[in-house]
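The values are calculated or read from the model by the stated rules, or taken from the named source; none is laboratory data. This is a predicted model, so every value here is computed, not measured. Cβ placement follows ideal geometry from the backbone for every residue including glycine, while neighbour counts extend to all protein chains displayed. Just so you know, the surface numbers come from the protein's heavy atoms only, side chains and all, with ligands and any DNA or RNA stripped out. Shrake-Rupley method; radii C 1.70, N 1.55, O 1.52, S 1.80 Å.
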Amino acid sequence: MRWVLVKAAVAGTTMVALAFLLPLGLTVQQTARERAFTAADRQAAALGPALAITTDQAALARAVASTDAGAQGRIAIHLPAVGPGQGGAAAQPAQAVDTQTVETQAVDTQTIGVGRADATALAAAAKGRVLTVRVPGGYARLQPVAVDPARVAVVEVYVADADLTRGVSTAWLVLSLVALGLVALAVLVADRMGARLVGAARRLAGAARALGTGDLAVRLPVAGPQAEGSPAELREAAAAFNAMADRVVQLLAAERELAADLSHRLRTPLTVLRLNAASLGEGDAADATRHAVAQLEREVDQIIRSARRTPGRPSAVAVGCDAAEVIRERVGFWSALAEDEGRPWQLHGAQAPAPVAVPRGDLAAAVDALLGNVFRHTAVGTAFSVDVTLVEHAVIVLVGDAGEGFDDPSAALRRGEGHGGEGSTGLGLDIVRKLAEATGGYLLLGRSAALGGAEIQLRLGAGGGDSATPARRLGRARRAGRDAGSRA
């Protein structure tokens, strides 16, 4: 925005400067031309009294020499010749002239000084018209002067081309400097205005990013020195942002309270379930029921603790677990149901420790969601396998089956898109995906190369960084999973 304002100021100021300075420069050029011809007319008019007094060539030569233009050889007097019967001063013999050259042109005129105009122009000027004719190197200004009632002399003043443009170059230079100064001033003003606009916009963008990262305390100043100079629209946007942030805090607080209330309400039926499970006696089914009730109680307690924790404040204790141990435990839990349904299953790579930066309960819930999808979406007797592979800074978990696979993997990952019938919420894979992304990993759906059905690939960060690109990480994870399965 800042550069856009600067460019707009440059364009606008340049057009305004050209609109005013170009006519002004042309006016200066025309004024210089008129000034040169006006000075020529004054030089010619200065010889008028001398011609009114006498037509003696020597006297006129001295009068011509006494002028500035005459001293530079730029004035000439064209006297008409004395006709028959005409006397007077014009008939007197000419005296020797030392300062100017006296020339005789044909039999009609006599020229005092250096003449440049041709006979045709002189004849036209002798009829009483002031003429300006083009001559080599400039112009000749021809002004008629009546010597007597019967004769008209012509005073010729030479105006050089340099006289017509004297001072014009300086004027154009000054005008150009003025135009550049105006453009520079406009750029400076636009830059200062742009800096204020951009500064306010950047503060708004920074606050939005901070709010997006979880800083719920960020607010923008709408008054005071920091907000001074900001446009009214941006101040309104800052006020709207602050109101939005306050509303987000209120909604999150209400959500935490609701989660805590709902979790607390679950304690009563959980207590009843725990008492009923305790009265079941001994046996695999009773043990599985009591284990499920205990796990449900742990999940409820975890929800309550999470709801009480202040948003944006990390846990004081770093959490993590051994993924191999958790996966062995959960696969063992589901193996009982697999045997009842006649499902062949395999577990590979879960012998060595595989630490991940995931709470134990969250990882157990994620594994249950993945295995639960296999039992829910495949027919009874369908085989499945679980492969665990430890790679650099990550743990890869591959869950494959021999079912029909995914019709639309992208739709299966969308929240609430599950169509597994009664008991399916469509949230399982989305929860697993969020858990993986929270550790810097990912969740991918595809087809199992070993079993031919669906394959779910879960990558969990192990507390380090992986500089490989997503495509290279994906290929490396697939190769690692296949290698682990083949070794098992």
Just the Kirkwood number for segment 183-264, please: inverse of mean 1/r across all distinct Cα pairs, in Å, one decimal. 14.7 Å
Placing +1 at every Lys and Arg Cβ and -1 at every Asp and Glu Cβ, with all other atoms neutral, what dipole size does segment 163-301 have around its Cα centre, in debye to the nearest 20? 580 debye
Given a 1.4 Å probe, the accessible area of segment 335-418 per residue, as a whole number of Å², is 45 Å²
Burial-style ranking of 167-178, 368-379, average other-beta-carbon count within 10 Å with highest first, yields 368-379, 167-178
Please quote Rg/Rh for segment 358-413 to two decimal places, taking the Kirkwood radius as Rh and restricting both calculations to Cα atoms. 1.00
In segment 320-367, carbon and sulfur make up what percent of the accessible area (probe 1.4 Å)? 57 percent
How much of the accessible area of segment 133-240, probe 1.4 Å, is carbon plus sulfur, in whole percent? 65 percent
Per residue, what volume in Å³ does the convex hull of the Cα atoms of segment 244-304 enclose? 60 Å³
Beta carbons within 10 angstrom, averaged per residue: use that to sort the peptides 251-261, 441-451, highest first. 441-451, 251-261
Could you tell me the largest-minus-smallest coordinate of the C-alpha atoms of segment 155-214 on each of the three principal axes, in descending order and whole angstroms? 95, 12, 11
Env charge @ His377, Cβ radius under 12 Å, K,R +1 / D,E -1, value -2
Expressed as a whole number of Å, what is the distance separating the alpha-carbon centroids of segment 6-47 and segment 129-199? 5 Å
So what's the convex hull volume per residue for the Cα atoms of segment 6-67, in Å³? 79 Å³
With all protein chains present, how much of the accessible area of segment 12-76 (probe radius 1.4 Å) comes from carbon and sulfur, to the nearest whole percent? 64 percent
